[in-house]
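The values are calculated or read from the model by the stated rules, or taken from the named source; none is laboratory data. In this text the structure is predicted, and so the values were computed from the model without any measurement. Here the Cβ is made from the backbone with ideal geometry for all residues, glycine too, and neighbour counts use every protein chain on show.
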Amino acid sequence: MLKKLVPRQSVHTIYDIDANHLWGFGVRGIITDLDNTLVGARDPHATPELIEWLNRLQKMGFKVVIVSNNNHGRVSAFAEPLGIPFIHRAKKPTNVSFHRAMKLLGTNARQTAVIGDQMLTDVLGGNRMGLYTILVQPISIKDEGFFTKINRRIEKWALARMKK
Ligand SMILES: [Mg+2]
């Protein structure tokens, strides 16, 4: 169980991800979390920097889908202006939405990367399906909800256990 919480790669922000490396590795589809991964949990829209990053990935040939456990209002208001497909109330780490996302991407597990800020949802879910998991540092943790706060405590506990 603890092993499944360990990401393939750990970076500071999405902008530190080496897209060329991913492409060389065979990744063609990217499943990305929204809250505290792409923008802060309370930021309603993409930043210009993020729009540029998404454009660059798509120009390289990557397909991108946003998969979030948040509600339809939040996720659609963010993703629709970007023209990026999304899955809301994804119930990560369960498999269902990862399967749906790969269908949207047209990729198999070996061609798919997952980017997210939570070990217990994004990384655990992705690892269980054999996807290439990338953990980012959360953009802002001060506005996080009750369950996310609990998840953060479990993450801390798991990290401490793993270091032993
Ligand atoms: Mg998140």
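Points worth noting:
- Odd one out for Ala90, checked against (1) assigned to a helix (DSSP H, G or I); (2) free of Cβ contacts under 8 Å to residues at least 40 places away in the same chain; (3) under 28 Å from His21 (Cβ atoms); (4) within 16 Å of the ligand (Cβ to nearest atom): (1)
- Only a single item in (1) away from the ligand (no atom under 16 Å from the Cβ); (2) closer than 22 Å to Ser140 by Cα is not met by Asn70, and it is number (1).
- Of all residues in segment 1-32 being on the phi < 0 side of the Ramachandran plot and in contact with a Lys or Arg (Cβ under 8 Å, 6 or more places away or on another chain), the one that is surrounded by the fewest Cβ atoms within 10 Å (Cβ to Cβ): Leu2
- Test for Gly125: is it more than 24 Å from Val6 (Cα to Cα), part of a helix (DSSP H, G or I) and more than 11 Å from the ligand (Cβ to nearest atom): no
- The set of residues from segment 81-100 being in contact with a helix residue (DSSP H, G or I) (Cβ under 8 Å, 6 or more places away or on another chain) and on the phi > 0 side of the Ramachandran plot comprises Arg89, Lys91.
- Of the candidates Thr107, Thr133, the single residue that is among the β-branched types (Val, Ile, Thr), away from the ligand (no atom under 16 Å from the Cβ), under 27 Å from Thr47 (Cβ atoms) and modelled with pLDDT of 95 or more is Thr107.
- Only one of Val75, Val65 that is part of a helix (DSSP H, G or I), in contact (Cβ under 8 Å) with a residue 24 or more places away in the chain and within 15 Å of the chain's Cα centre (by Cα): Val75
- Being more than 14 Å from the ligand (Cβ to nearest atom), under 22 Å from Gly126 (Cα atoms) and buried (at least 16 other Cβ atoms within 10 Å of the Cβ) is a condition met by no residue of segment 34-49.
- Tabulated pairs, segment 33-53, first in a loop (DSSP other than H, G, I, E, B), second within 10 Å of the ligand (Cβ to nearest atom) and of a type in the set (Gly, Ala, Ser), C-beta under 8 angstrom, 6+ apart or interchain: Asp33/Ser68; Asp33/Gly116; Leu34/Ser68; Thr37/Gly116
- Selection count, segment 6-32, where residues are part of a loop (DSSP other than H, G, I, E, B) and away from the ligand (no atom under 16 Å from the Cβ): 7
- Condition met for Asp143 (within 12 Å of the ligand (Cβ to nearest atom) and either at pLDDT 95 or above or under 16 Å from Phe25 (Cβ atoms) (or both)): no
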